[in-house]
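One structure below.
The values are calculated or read from the model by the stated rules, or taken from the named source; none is laboratory data. All of these numbers come straight from a predicted model, not from anything done at the bench. Glycine gets a Cβ as well: all are built from the backbone with ideal geometry, and neighbour counts include every protein chain shown.
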Amino acid sequence: MTDLTICDSLKSGIGELFTCTEHGDFQRIRTPFLYPNGDTIDLFCKTDGDTVTITDLAETVRWLYAQVSIIVQTINKTAAAYRRPLPYSRC
């Protein structure tokens, strides 16, 4: 199976939902699926002889890492707000 056959199969079998374009050594398969932030989920396909590799080039892991970073920053800001000294008042 060649890269062209994979793209042709997508076009004939699924139609307009998925698009296939060149992306370096890979064929980019743009899916109709979205990450929660609205970014499109792309898959990348590469053939080497009889071996077909399908990957997202670690984009899902990158997206999840970004979400964890945002959560940690929010927790740190919230914790810092509670650590502020109370205003001194004279009675």
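Could you tell me how many of the residues in the stretch 27-39 are loosely packed, with under 11 Cβ neighbours inside 10 Å and within 22 Å of residue 11 (Cβ to Cβ)?
1
Would you be able to tell me the number of residues in the stretch 21-46 that are modelled with pLDDT of 90 or more and among the acidic types (Asp, Glu)?
2
If you go through the stretch 11-20 one residue at a time, do you hit one that is touching an Asp or Glu at 6+ places or on another chain (Cβ under 8 Å) and in a strand (DSSP E or B)? Show your work before the answer.
Start the filter on the stretch 11-20 by keeping residues that are touching an Asp or Glu at 6+ places or on another chain (Cβ under 8 Å), which leaves none.
Taking every residue of the stretch 11-20 in turn, none turns out to be touching an Asp or Glu at 6+ places or on another chain (Cβ under 8 Å) and in a strand (DSSP E or B).
State which residue is surrounded by the fewest Cβ atoms within 10 Å (Cβ to Cβ) when the search covers only the stretch 53-85 and only residues that are outside any helix (DSSP H, G or I) and at pLDDT 90 or above.
That would be 58.
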